[in-house]
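Working notes, structure below.
The values are calculated or read from the model by the stated rules, or taken from the named source; none is laboratory data. All of these numbers come straight from a predicted model, not from anything done at the bench. Reconstructed Cβ throughout: ideal geometry from the backbone, glycine too, with neighbour counts over all protein chains shown. Each accessible area value is taken on the protein alone, full model and side chains, heavy atoms only, with ligands, DNA and RNA left out. Shrake-Rupley method; radii C 1.70, N 1.55, O 1.52, S 1.80 Å.
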Amino acid sequence: MHFAEERSVYDTETLVDLAVTVGLSGTEAREVLGDPDAYAAEVRADEHQAAEPGAGGVPFFVLDRRYGVSGVQSPETFTRALERAWADRPAARRS
């Protein structure tokens, strides 16, 4: 959007238009964008959850809320991480 349409992602109206395009309420989007504390508790909770498996930068992938894969990795590394996360899940949650 920023480069292809030459629209600023720092402009409130651009973000409201984008929100409406994906089916969100423009009024609610404008309210959230105007309130620096909107969803702050949820964001802090997400940050805390991401820090538990070691997130310190981007990209960072959390698998099954317990395992972290940091940075750009090979497909083999992701495959091993996914297999480990799957193998470590309780049997009742595998189906």
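Taking the Cα centre of the chain as reference, the dipole from Cβ charges on Lys and Arg (+1) and Asp and Glu (-1) amounts to some 820 debye.
Ignoring ligands, DNA and RNA, please state the percent of accessible area on the range 11-53 from carbon and sulfur, probe 1.4 Å. Looking at the range 11-53 in its full context, I get 55 percent from C and S. Taking Lys and Arg as +1 and Asp and Glu as -1, the other residues whose beta-carbon sits under 13 Å from that of THR14 total -3. For the chain, adding -39500 (n - 2.57) for each run of n ≥ 4 DSSP H residues and dividing by the number of residues yields -13500 deg cm²/dmol at 222 nm.
Farthest toward the positive end of the dipole of the chain, out of GLN49, GLY23, LEU82, is the Cα of LEU82, where the dipole comes from beta carbon charges about the Cα centre. Taking only Cα atoms, what is the 0 to 90° angle, nearest 10, from helix 75-87's long axis to the longest principal axis of the chain? Long axis of 75-87 versus the principal axis of the chain: about 70 degrees.
The slack between VAL9 and TRP86, meaning 0.36 nm per residue of separation minus the straight C-alpha distance, is 23.9 nm. The residues of the chain present an accessible area of 77 Å² per residue when probed at 1.4 Å with all protein chains retained. Compared with the dominant principal axis of the Cα atoms in the chain, helix 40-51 is inclined by about 30°. Taking every alpha-carbon pair in the chain and binning the separations at 10 Å intervals from zero gives 13, 26, 28, 25, 7, 0 percent. So what's the angle, to the nearest 10 degrees on a 0 to 90 scale, between helix 12-21 and the longest Cα principal axis of the chain? That helix lies at roughly 60 degrees to the long axis.
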